[in-house]
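Data block below; observations after.
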Amino acid sequence: MPLDFYNPPSAFLASGTKKGMDIGGSKIIVSIDKSHNFYNEGNIYTEMSWAAFYEEEDLSNQIDTFTTTEYDSIREDPVALVDMIVKIIYQIINNQKIFYGIADFEVNAFLSPSIFKKLKLDYKIINKLLEAHKRTREKGLFPQIIIDDKGINKIKIEFQGTKKKNVHIHGSKLEDLINQLRLAKGFAVGIVCTSRNAANMYIISDNIVFSKDEIAEMYIDDDNIKVIEYGIKKKLLFPISWFRIDIGIRSLETLELWDQIKEDPELNKALGHYERYINALVYKKFKSQAESQKIGTDSEEDWMIMTPKERKKALRDMEKAIEILNKEYKE
């Protein structure tokens, strides 16, 4: 199912022509709404350049010069980084959304897959991506931006892959989504391809888990790679960039300065507010389920005076109870 991605970063929208191409990357904080639409909440860094090709015919695919077109970074500034994260957390709470994670987009015409440095992709695949990106540049087949009725930029995206449910989490309500995301950790990596003016995000691998004690190993989604190869061969898919998405609030731990900022009092205060916000959403989910089963009493007053540790235990107990009741009901 297609989603809207609001205010996508420059690297996601990278383009090119016969004369040159965009090269660079972006790292952003992403939130989602109850429909799982993506929102760019803030830029950690964007570094973009225009790479001009040589004019000589036999060198027309080799880069001659680089010109910086955009540079904006706070990834090495702990004060600015904390200020932005705190602002975003309160922004997400006030707008009734969910902190989804941190997304990286890297565009380099598939010359150097640094996002994939821990994965062993066949060089034949890399070469096919290189050739396909060249066709994309020559034909101008890059995703198109849509301007909504509020004047906001957005683009249609859709996840593809055998485990796409790990990144496109299903649920009809905000509390359904947060119930899965609250313990989520790990990341997914893949390739952004354009097709019919939309951006398809093909997941090549992930190690995302949704419980505290679960461990997942990286893998290569060979079936998805075959789909990409077929789409390229039939000129239905045109690769644009690499992507990596670290999901959940714990994605903050992947920041280069995390060890330096994790004890900041304002940051911890904001994280505390966010934890209470998501706990209230999860409580709402289990409370409605319990009421539908006609069990329990109105314990909202007790909930509000619980300590964070007591709330976590209560949520675990409620989750297990609902799971058992649902199982018995089905039997």
Under 19 Å by backbone N from the virtual spin label 7 Å along Cα-to-Cβ at residue 266, the residues of the stretch 81-100 are 81-94
In nm, give the distance between the simple-model label positions of residue 64 and residue 149, each being 7 Å from the Cα along the Cα-to-Cβ direction.
4.8
Going through 97/235; 34/154; 185/235; 150/185 one by one, the pairs whose alpha carbons sit over 28 Å apart turn out to be 97/235; 185/235; 150/185
Expressed as a whole number of Å, what is the distance separating the alpha-carbon centroids of the stretch 161-222 and the stretch 1-66?
21
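Each value in this text was obtained by applying a stated rule to the coordinates, not by laboratory testing. As the structure is a prediction and not an experimental result, all values here were calculated from the model. Every residue, glycine among them, receives a Cβ derived from its backbone with ideal geometry; neighbour counts consider all protein chains shown.
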